[in-house]
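To start, the structure under review is shown below, and the notes come after it.
The values are calculated or read from the model by the stated rules, or taken from the named source; none is laboratory data. Given the structure is predicted, the values throughout are model-derived calculations rather than measurements. Here the Cβ positions follow ideal geometry from the backbone for every residue, glycine too, while neighbour counts run over all protein chains shown.
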Amino acid sequence: MEFVSPLIESVSPVLIWFLLGIVFFVTELILPGFILFFLGIGAWFTASVLALTEVSLTVQMIIFLVSSLVTLILLRSWLHSIFFGDSNEEDDSVNVDDAPATGIVTEAIMPPGLGRVKYGGSFWQATADESISVDTVVRIIERKNLIVHVSPLHAEETV
């Protein structure tokens, strides 16, 4: 004979699915990956179905899986762009200006390691093909994400 706790028997499956949804939502806040959110939606959808009708545990699991997958497939990219923004739509001031730019080395650059450059009103991690000392004026050659590639600006060069 199987022992089942009287407390578990007295708890409504609707409440269990609802609380499971909350657990998924809270876990999403702790471990953001934007996947658990849709499992929470699936759990709440299952709770809603159970509030209207009584179905077996197997059907509940199918409802949970299907609703989670459908919302994940249909809504993830759209909601991700709403919550996290779309980097393709916005240009920052560094990308807008096509004119040659210069900066000042604030932390020596010793290839292949990174140094630091003050450029565009901010401090950037920087790489270079040669060693560059502090307070050297540099030309910004390329920007990849948050790292700029620089070269020293010689006295005869003007920007």
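For segment 101-116, what are the residues that are closer than 13 Å to residue 142 by Cα and among the β-branched types (Val, Ile, Thr)? Full working, then the answer.
Filtering segment 101-116 for residues closer than 13 Å to residue 142 by Cα gives 101-103.
102 - this is the single residue of segment 101-116 that is closer than 13 Å to residue 142 by Cα and among the β-branched types (Val, Ile, Thr).
If you check 148, 117, 137 for being more than 32 Å from the chain's Cα centre (by Cα) and of a type in the set (Val, Ile, Thr), only one passes: 137.
So which residues in segment 111-132 are exposed (fewer than 13 other Cβ atoms within 10 Å of the Cβ) and assigned to a strand (DSSP E or B), if there are any at all? Within segment 111-132, 122 is the sole residue that qualifies.
Looking for something in contact with a Lys or Arg (Cβ under 8 Å, 6 or more places away or on another chain), among the hydrophobic types (A, V, I, L, M, F, W, C) and either buried (at least 16 other Cβ atoms within 10 Å of the Cβ) or modelled with pLDDT under 90 (or both) - is there at least one such residue anywhere in segment 41-62? No.
Would you confirm whether any residue within segment 75-83 is at pLDDT 90 or above and in a helix (DSSP H, G or I)? No, because not a single residue in segment 75-83 is at pLDDT 90 or above and in a helix (DSSP H, G or I). Among the conditions (1) among the charged types (D, E, K, R); (2) without any contact (Cβ under 8 Å) to a residue 24 or more places away in the chain; (3) exposed (fewer than 13 other Cβ atoms within 10 Å of the Cβ), the only one that residue 135 does not satisfy is (2).
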